[in-house]
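Q: Supplied in structure tokens, the structure appears directly below.
Where a number appears in this text, it was derived from the coordinates with a stated rule and is not lab data. As the structure is a computational prediction, the values presented were derived from the model and not from experiment. Here the Cβ is made from the backbone with ideal geometry for all residues, glycine too, and neighbour counts use every protein chain on show.
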Amino acid sequence: MLSGMEDRAPYDGVFKELGGRYRKWRLKRGLVQEDAMEYGFSVRHYQQLEAGRSHNLKTLFKLSNMLNVDPEDLIKGLVRTPTSKKNKNPK
């Protein structure tokens, strides 16, 4: 059985990139990190999300609402399933 840390390790890069997208959209919308408080986040929690902290779908939806962007646009191209790495034309 994997510990929580080992289980998350393969996705650390995904959450890091997602955090960068939150920052990009926040700046594009002219928001500051403190604006996240209006959506139920503490400033510290929001800072951790921008830094790449892992989180769930509920948080993703809250952030998409705050940033006024579709959740699909936030995650587009982030996750590559194991099958997407395989040869698409097996012999």
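Q: Which members of region 63-74 meet the condition of being crowded, with 16+ Cβ neighbours inside 10 Å and not polar (S, T, N, Q)?
A: Scanning region 63-74 gives Leu63, Met66, Leu67, Val69, Leu74.
Q: Can you report the number of residues in region 25-58 which are assigned to a loop (DSSP other than H, G, I, E, B) and more than 23 Å from Tyr11 (Cβ to Cβ)?
A: Here the count works out to 6.
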